[in-house]
Amino acid sequence: MPMIEFKSVNKWYGGFQVLRDCTTKVEKGEVVVVCGPSGSGKSTLIKCVNALEPFQQGEIIVNGQSVGDKTTNLPRLRSQIGMVFQHFELFPHMTVLENLNLAQVKVLGRGADEAAEKSQMLLKRVGMLDHAPKFPGQLSGGQQQRVAIARGLAMDPIAMLFDEPTSALDPEMINEVLDVMVELAHEGMTMMCVTHEMGFARKVAHRVIFMDRGEIVEDATKDEFFGTPRSERAQLFLSKILQH
Amino acid sequence: MNYNWNWGVFFQETPEGGTLYWEMLVSGLGWTLAVSVVAWLIAMIVGAVIGTLRTLDSKAPALFGHAWVELFRNIPLLVQMFLWYFVIPEFVPPLKRWMVNTDPVYAQFLAAVLCLGLFTSARIAEQVRAGIQSLPRGQRLAGSALGLTTWQTYRYVLLPMAFRIIIPPLTSETMNLIKNSSIALTIGLAELTFRARELGEYTFSFFEAFTAATMVYVIISMSANRVMAWVERRVAVPGLIAAGGGGH
Amino acid sequence: MNFDLTIIVNALPYLWKGFQYTLELTAIAAAGGLFFGTLLALARLSSIHALQMVAAGYVNLMRSIPLVLVIFWFFFLVPLILQAITGATRPPQVGAERTAIITFIMFEAAYFCEIMRAGIQSIPRGQIFSSYALGLTYSQTMRLVILPQAFRNMLPVLLTQTIILFQDTSLVYVISATDFVGAAAKVAQRDSKLVEMYLFVALVYFTLCFSLSLAVKQLQQKIAVIR
């Protein structure tokens, strides 16, 4: 059974169709990179996985649960999937440690000590333990994003979603975040990453999905994708990106 | 201008006997503060709830919140005061019975705090709504993504930041509330302005009486400013310049 | 309880007179308040320190005391001031209605001042520089270039403030002037029909203010589109 499975997902904003018949899957332990030009629907697709965006047609199954099903307990489902956002979205009025503790205590029902211990372990892992008592506004973008990854991991997720985790970062901070992600991939975490970082994709991705105008145009293994993409649109996109 | 100054008037005895005029003003100030504090609590709690309702995705609560705001915003406060004191009790017989039998000052106090509290709640609701809507949409998504329920997302993520941002407008709403409490004199509540006028009528020292009341209001409004500035500093988030700095 | 509609119908001519006074008071206070408020705003933004201080002091004082107290102040002061100006031996009888007009002009000036000040400050400095560069004087620059833009930008806020003023004029009740609420209160007390009269007054105010604020909102959207 795949960890995440999309079956003919369609989504409209009013009369505008943002997702067209998207079908794909992410197996357990697999790292899937989703790329494509801006406005191609890749961010929307990944947000459908934990129902941050509703969709009108089709089905998404996460670990055996149907996301669109009215009876699915969404907070519970979401707590099992870690998510990292483009703009970090740490809670600015809480310290780094409190950011990690909050959902552990309020959603998972962990005790304060247990949560803090877990948080500290994860902060250490992303190299941010020294910053635990600071507020997000006192950290650099790269540091904030590492904290955000730790916040997602603190929930012991079965999969992690990354929505353009490095595109709001200054160039010199991108690598510190990618390093954490690479390490995570090597540990066998199931990951779905919307990103333009093709270096990251080459290094750890198992599969690459290319989207354009709401459609999944290419869904291939890493080697196939970087070897000879079948669609012209993907070739054009790759040639533009790889020039840089 | 011909005017006979008489600043000693505050130390004369009132016609009721036993008390001095300055004590009369202080008792008025006491009612002004009592009404303001209780009405403020009502306004903040109801305002937070209504403001939150207006930002929910579901239609019905948002509509209710909108109706609430429009209702209280479009009727003069004086008329609302009359409605609470003279009209609403007619439709609630137990309330009417209580009002007739109790010391009138309690009935006036109740009507005044309900009137001012709910009127101000509509204005605070608008600020709360603006505060929540000024937060990045990603904050709400991040809360949901962690598995927080809608209520938890508001309680731990959105409202704490929204309230920090809207401290400056809340400060001016607080001052408006204190000033508006003077309208309670129209239903007979002996608050500060009521007492100042009374002092003027008894002694013909209008100038002295109004000057004293004016000074007290200026001092209250300066103190309220100080308190809110202190609160703003206390809850300021390190590393965030924008927090609380929204007002110009 | 039985609701007596005839009492409202019978009182309509009297209420209408009160309502006309409310409209008159609102219109004059809005126009006068805007005029003096703009002058105050220019004073607050002038380079003459003393002028700034006086204007700021006036505005802050007006804004920190309750309108009811302001009304009492002027009710007491206006006859004395007129006496001083005319040199009469006794303070002239002005009447609550006329005192109220003076009061509301002076009170609203403080609020309109802050709106116009924000409006003037929202105009880029370059507009002033380019006007001076064309050889316009300060007064020409303000009258022809800055104030018209500031007024247009602030029109929705000015109108919203006028709706608030329209509601606030009801407070002339405290000096027994016969505005709309005053007229209704007099009928209500004479005939002991408080429920009918006050509900009617509330309904009229709500209908008017709600429609007006909707209109202002639409105007705001229109302006936002043009810009």
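We did not get these values from a lab; they are worked out from the coordinates using the rules stated. As the structure is a computational prediction, the values presented were derived from the model and not from experiment. Ideal geometry is used to build each Cβ from the backbone, glycine not excepted, and the neighbour counts take in all protein chains shown.
With helices as the sole contributors, chain B gives -22500 deg cm²/dmol at 222 nm; each DSSP H run of n ≥ 4 counts as -39500 (n - 2.57), and the sum is divided by every residue.
Across peptide A:70-80, the average count of Cβ atoms from other chains found within 10 Å of a residue's Cβ is 3. Overall, chain C carries a charge dipole of about 620 debye about its Cα centre when +1 sits on the Cβ of Lys and Arg and -1 on the Cβ of Asp and Glu, all other atoms neutral. For the protein assembly as shown, the equivalent ellipsoid derived from the Cα gyration tensor has semi-axes of 61, 29, 26 Å, listed largest first. Magnitude of the charge dipole for the protein assembly as shown, about its Cα centre and with charges confined to Cβ atoms of Lys, Arg (+1) and Asp, Glu (-1), is about 840 debye. Ranked by the mean number of other Cβ atoms within 10 Å of their residues, highest first, the peptides C:97-107, A:64-74, C:174-184 fall in the order C:174-184, C:97-107, A:64-74.
Amide H contacts under 5 Å for A:Lys25: A:Phe6, restricted to partners 5 or more places along the chain or on a different chain, H placed in the peptide plane at 1.01 Å from N.
Once backbone amide H atoms are built at 1.01 Å from N, A:Met83 has A:Leu161 as its partners under 5 Å, excluding neighbours fewer than 5 places away on the same chain.
Amide H contacts under 5 Å for A:Gly58: A:Asn10, restricted to partners 5 or more places along the chain or on a different chain, H placed in the peptide plane at 1.01 Å from N. A simple spin-label model places pseudo-atoms 7 Å from Cα toward Cβ; at A:Arg202 and B:Trp151 they are separated by 5.2 nm.
The distance from the alpha carbon centre of the range C:192-210 to that of the range B:21-50 is 26 Å, rounded to a whole number. What you get for the range C:122-227, charging only the Cβ of Lys and Arg (+1) and of Asp and Glu (-1), is a dipole of about 420 debye around the Cα centre. For the residue pairs A:Lys11/A:Lys240; A:Lys11/A:Lys222; A:Lys42/A:Lys70; A:Lys42/C:Lys222, the alpha carbons lie more than 31 Å apart in A:Lys42/C:Lys222.
The mean number of partner chain beta-carbon atoms within 10 angstrom of a residue's beta-carbon across peptide A:85-96 is 6. Can you give the helix-only mean residue ellipticity at 222 nm for chain A, where every DSSP H stretch with n ≥ 4 adds -39500 (n - 2.57) and the sum goes over all residues, rounded to the nearest 500 deg cm²/dmol? That comes out to -11500 deg cm²/dmol. In terms of the mean number of neighbouring beta-carbon atoms within 10 Å, the peptides C:191-197, B:232-238 order highest first as C:191-197, B:232-238. Taking 15 Å as the straight-line reach from the Cα of A:Lys106, the aspartates and glutamates in range (excluding those fewer than 8 positions away in the same chain) are A:Glu98, A:Glu114, A:Asp156.
GNM remark for chain C: springs join alpha carbons under 10 Å apart, and the peak mean-square fluctuation among C:Val54, C:Val157, C:Val216 falls on C:Val54. Selection among C:Phe36, C:Gly135, C:Gly57 by position relative to the dipole of the range C:6-226 gives C:Gly135 as farthest towards the positive end (Cβ unit charges, Cα centre).
Remark: spin-label model distance C:Ile164-C:Ala133 equals 3.8 nm, labels positioned 7 Å along the Cα→Cβ axis. Across B:Phe11, B:Phe72, B:Phe194, mean-square fluctuation computed from a Gaussian network of chain B (C-alpha pairs under 10 Å connected) peaks at B:Phe11. Mean residue ellipticity, 222 nm, helices only, chain C: the sum of -39500 (n - 2.57) across DSSP H runs of n ≥ 4, divided by residue count and rounded to 500, is -27500 deg cm²/dmol. Could you check which residue among C:Leu77, C:Leu23, C:Leu40 shows the biggest mean-square fluctuation in a GNM of chain C with a 10 Å Cα cutoff? The residue that fluctuates most here is C:Leu77. Inter-chain Cβ neighbour count for C:157-168, averaged per residue, equals 1 (cutoff 10 Å, partner chain atoms only). Please list, or write none, the aspartates and glutamates whose alpha carbon is within less than 14 Å of the alpha carbon of C:Lys186, excluding same-chain residues fewer than 8 places away. List returned: C:Glu196.
Within the same chain, lysines fewer than 8 places from A:Lys124 are excluded, and of the rest, those with a Cα less than 21 Å from its Cα are A:Lys134. Backbone phi angles across the range C:129-138, fed through the Karplus curve with coefficients 6.51, -1.76 and 1.60 (θ = phi - 60°), yield HN-Hα couplings of 4, 5, 5, 4, 4, 7, x, 6, 7, 4 Hz in residue order; Gly and Pro are listed as x.
What percent of all Cα-Cα pairs in the range C:6-226 falls in each 10 Å bin, counting up from 0? Whole-percent P(r) values from 0 Å outward: 8, 26, 30, 22, 11, 3, 1.
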